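J.: Once you've had a glance at the structure underneath, I'll fire off some questions.
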Amino acid sequence: MKRRDFIGALAGATATTALTACGQQESAAPAAAKPMETVHWKMVTTWPKNFPGLGTGANRVAELINQMSGGRIDVKVYGAGELVGAFEVFDAVSSGHAQLGHAGAYYWKGKIPSAVF
């Protein structure tokens, strides 16, 4: 059993128990399934796209987000210089220009002195 299936089953059983305890009944027919909208996120990184080690880690995070969301969240990875400069990742995410940043916190020393720790 996958973790997602287990948690979904657990949540459903808990909700059914809570509704029954309150004297309410669950409807027999589920509501019409509304198709989920796909959300597109941008991930900016400090290193070049597909850079061995760190760059491939960013790609893996994007893949995992896509898998765990069931395809509902689509993450596009941008390497340094494609969308913003290498040292502008923090500003891009802070301003909302990108939703995710994949970088080393030590690059933010001038903005957040304690980030290097």
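J.: Every residue in segment 79-99 that is open to solvent by less than 40 Å² (accessible area, probe 1.4 Å) and not in a helix (DSSP H, G or I), please.
T.: Within segment 79-99, 79, 80, 84, 85, 98 meet the criteria.
J.: Given the criterion in a loop (DSSP other than H, G, I, E, B) and modelled with pLDDT of 80 or more, identify the matching residue among 49, 34, 76, 42. Write out each step before concluding.
T.: On the way: 34 fails: modelled with pLDDT of 80 or more; 76 fails: in a loop (DSSP other than H, G, I, E, B); 42 fails: in a loop (DSSP other than H, G, I, E, B).
Just one listed residue meets the conditions, 49.
The values are calculated or read from the model by the stated rules, or taken from the named source; none is laboratory data. The shown structure was predicted, so the numbers you read here are calculated from the model rather than taken from an experiment. Heads up: the accessible areas ignore ligands, DNA and RNA and are worked out on the full protein's heavy atoms, side chains in. Shrake-Rupley method; radii C 1.70, N 1.55, O 1.52, S 1.80 Å.
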